[in-house]
1. Would you tally the residues in segment 123-151 being part of a strand (DSSP E or B) and either modelled with pLDDT of 90 or more or of a type in the set (A, V, I, L, M) (or both)?
2. Just to confirm my filter: which strands (runs of 3 or more DSSP E) fall fully inside segment 1-109 and include at least 1 residues that are at pLDDT below 80 and out of contact with any strand residue (DSSP E or B) (no Cβ under 7 Å at 6 or more places or on another chain)?
3. Pairs needed: first member in segment 19-38, closer than 23 Å to THR134 by Cβ; second member anywhere, modelled with pLDDT under 85 and part of a helix (DSSP H, G or I); C-beta distance under 9 Å; at least 6 residues apart or different chains.
Amino acid sequence: MNMIATAACTRGLALALLLAAAGCSSLDKPGPQSIAGMSPVGTVSLTEIIAAGADAGTGTLNFQGRVYSFKLAGGVTGGGGASDIQASGEVYNLQNVSDFAGLYTQSNGGIGLDISGTSDLWLRNTSGVVLHLTGTQKGVTLSLGREELLIEML
């Protein structure tokens, strides 16, 4: 490989690493900064059961004076456990109810056992809808540092 090609590859690798690091920054994670200047446009409540690594749940979305039911799958990405989760909160950046369904994620970086207690979650889907949920968990689950909820409208 000649010196010019080597320098171009090195610059390309450095740019790729910089972009990857930017994608992992805390600015991209949903949180209070995600809703700066916004008001909630709806509320949500949900119940999720995790048993032996399988997740299922239901919930309701209150948006523009109507109540919409949904089911969910997902939860703490990890090796399983057994837990009952009750959560509710506010919905931000939702323009159309059709944008509510989808995969919501939060990378919190916390790896280990999640045990009974309270939680404060910030989740965002690919449509940019942000959920700020607070709730309680009874039981134990193994977390690999990433929360995921797949919401499907009923």
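1. Qualifying residue count, segment 123-151: 13.
2. 54-63
3. Hits for this filter: ASP28/ALA22.
The values are calculated or read from the model by the stated rules, or taken from the named source; none is laboratory data. Bear in mind the structure is a predicted one, so any value in this text is a computation, not a measurement. So basically every Cβ, Gly included, is an ideal-geometry build from the backbone, and we count neighbours across all protein chains shown.
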